[in-house]
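What follows is one structure encoded as structure tokens, with my remarks underneath.
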Amino acid sequence: METNLEKFREQGYLVVESALSETDLAALITAIAEVVEKRAAELYNEGIISDTYEEMSFERRWYAILKACSRENEVFGWHTLVFSEALFDLITHPKVLDVLEVLIGSDIQFNGDFWVRPKLPNEQLTTLPWHQDSAYMPQTENDIHLTVWLPLVDVKVENGPLQFLPGSHKSGLQTYHRVPGEAFAVPVLPPDSSDADIDTLEMKKGDLLVFNNLVFHRSLVNQSDIIRWSTDFRFSRTGTSLNGLWHEAIACPARERENTECPTSWQTWRAQWNASPHKDRFV
């Protein structure tokens, strides 16, 4: 594990292969499939689609539904739709927290920020340019905020992998601005990179990626005919200021020193969610 820490400090990101099993991911995948089933039934009953595509696989069904109602360019990520105990259990899974403990210590807080992302074939909205996460999280650049990214299907070059610039976190947060036609702010000076510098991360379902809030990364277009499903959530050392970030209301302790049991229960987190003013802000 010490080697992992050294690699993370040098690169700004780390892939842990086979960190999670099929069983560990199964409950969240089922929860996602249930959302797809519900939306398919609603659209069918409204007469918007003529088929619910129930025979299709997890990797294909949602895309078929969206194509049938010409909405395949409207989806960025799911938030409210996937709020569930299955999601909470994955966010606070001991195998996830064990990796984080090596990197930031045993006092860990979940920052409240989570997404499930259906990256659709040939869709541009989730094909982000080079960026640092702190550019979109004000006043976080002086602390360590870690994103855990979990693919729910195998990720190959064809279906939109993430790319990283190793060591780019060492130069600090760059200046960002808005450019016409770009959905997100982009760095004023794009990072200096060549093909030789770029690390393209092909990953297996069950691998775990964790990365620093200052490391430059981007995603490529999904050129396959399946959905590249993934989920991600963010953590920091307990006590790190969340600076009024919109998801602060559902932040919670995930691990405490000398205790591998999560100090927050699902019931407690659900109560925080129900009291949050932002719980219905996103899909």
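Every number in this text was worked out from the coordinates using simple rules, so none of it is lab data. This structure is a prediction, so every number in the text was calculated from the model and none was measured. Here the Cβ is made from the backbone with ideal geometry for all residues, glycine too, and neighbour counts use every protein chain on show.
Quick one: if the Förster radius is 22 Å, what FRET efficiency do residue 157 and residue 194 give, using the C-beta to C-beta distance and rounding to 0.05?
Values: r = 18 Å, r/R0 = 0.81.
Computed FRET efficiency for residue 157 and residue 194: 0.80.
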Long-range amide H partners of residue 229, meaning residues 5 or more apart or on another chain whose placed amide H is closer than 5 Å, are 119, 152, 153
Per-residue ³J(HN,Hα) for region 34-44, Karplus 6.51 cos²θ - 1.76 cosθ + 1.60, θ = phi - 60°, Hz, x for Gly and Pro
5, 5, 4, 4, 5, 5, 4, 5, 5, 5, 5
Note the full-extension length gain between residue 136 and residue 177 as 0.36 nm times their separation in residues minus their Cα-Cα distance, in nm to one decimal.
13.6 nm
At each listed q (0.06, 0.07, 0.08 Å⁻¹), what is the log10 of I(q)/I(0) that the Debye formula gives for the chain modelled as equal alpha-carbon point scatterers?
-0.19, -0.25, -0.33
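What FRET efficiency would be calculated for the residue pair residue 256, residue 21, taking the C-beta separation as r and a Förster radius of 25 Å, to the nearest 0.05? Show your work: numbers first, answer last.
Working: r = 25 Å, r/R0 = 1.01.
That pair, residue 256 with residue 21, gives E of 0.50.
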For region 146-160 and region 1-64, what is the separation of their Cα centres, given in Å?
10
With R₀ set to 41 angstrom, the calculated FRET efficiency between the beta-carbons of residue 185 and residue 70, to the nearest 0.05, is 0.90
The longest stretch of the chain containing none of the GluC sites (Glu not before Pro) that sit in a DSSP loop with at most 16 other Cβ atoms within 10 Å is 75-140
Can you pull the three principal axis extents for the Cα set of region 165-228, in Å, largest first?
34, 29, 22
Exposed-loop cut sites defined as trypsin sites (Lys or Arg not before Pro) in DSSP loop states with at most 10 other Cβ within 10 angstrom; longest site-free run of the chain spans 1-177
Under 5 Å from the placed amide H of residue 145, counting only residues 5+ away or on other chains, we find 213
